[in-house]
Amino acid sequence: MRNRSWTDEATELLRVGEGFRLSDVDAGSHPGYGGDKESGEKDLAEGTEALGELQERLFAVGDAGDSVLLILQAMDTAGKGGIVRHVVGGVDPQGVELAAFKAPTEEERAHDFLWRVEKRLPQPGFIGVFDRSHYEDVLIGKVRALASAEEIERRYDAINEFEARVVASGTRIVKVMLHISPEEQKDRLMERLERPDKHWKYNPGDVDERMLWPQYMAAYQAVFDRTSTAHAPWYVVPADSKWYARLAVQELLLAALEDIDPQWPAADYDVEAEKKRLAAS
């Protein structure tokens, strides 16, 4: 059901494997896809139909089935919101659970960093989306020295154990880092300043974070080195082209759902008898 315009499997091309270096990834590239923006937008629309059917089948199975968790991490303006709207937003919203993790509350800080995350895991039959996630605790936590080096190391191991348990319980985890270049981010931030309808999306703190770009890239590299595992690998999606990033994430979701291959549940009643009853009513 996946789009045939892909020349290679996105799950293989974008996967973080042994020897991966984030610095080698061109944020403006379109690995594995042979088309352009026009064909990409057409393919995205076609993929939405396939994704919608698979999601409906997953939801129909309900408690007896699996679930999918899409984790989105990125620097600001990389397009997480666009993924939610244009990729996940194309399926039935009743089968989607979205969690946008902000700075932890006082109550959340009183618990281990995974406490608030575990409460938002998707139920069986659902697609869950984390707009930022527990990885903030080893990204901002590392760059801004919000935790000691020893605590950051502990968190890597805790994340691996947590995700292994989640996968074993029947949830497919799709971890995506949307990789934007600092030049493209600068353009997108400037657009927010130049358009009054975008002012609400601008945060002066984003410029402060830009000043720490090398540190963040190093923190992401450490995340990939420590937490891209066989059961929950990372995928790095070049994101300077919004259309490509959306298409690539859709492809990764399609691959996860096709692997689950949810089937329509059989009727727990006599279909022919119900047809006769309905006809006579």
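The values are calculated or read from the model by the stated rules, or taken from the named source; none is laboratory data. Source: prediction; values computed, not measured. Glycine also receives a Cβ, built like all others from the backbone with ideal geometry; neighbour counts cover every protein chain displayed. Ligands, DNA and RNA are excluded from the accessible area calculation, which covers all protein heavy atoms including side chains. Shrake-Rupley method; radii C 1.70, N 1.55, O 1.52, S 1.80 Å.
Tabulated values for the structure
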item: Accessible surface ranking that places the most exposed of Lys102, Lys142, Lys186 first, with a 1.4 angstrom probe; result: Lys102, Lys186, Lys142
item: Lys, Arg +1 and Asp, Glu -1 on Cβ, resulting dipole of the chain about Cα centre, debye, nearest 20; result: 540
item: Between the stretch 29-88 and the stretch 176-216, the Cα center-to-center distance that results, in Å; result: 23
item: Heavy-atom SASA rank of Ser133, Ser281, Ser228 (probe 1.4 Å, accessible area, largest first); result: Ser281, Ser228, Ser133
item: Rounded to 5, percent antiparallel among DSSP beta bridges of the chain; result: 10
item: Å² per residue, accessible surface of the chain at 1.4 Å; result: 51
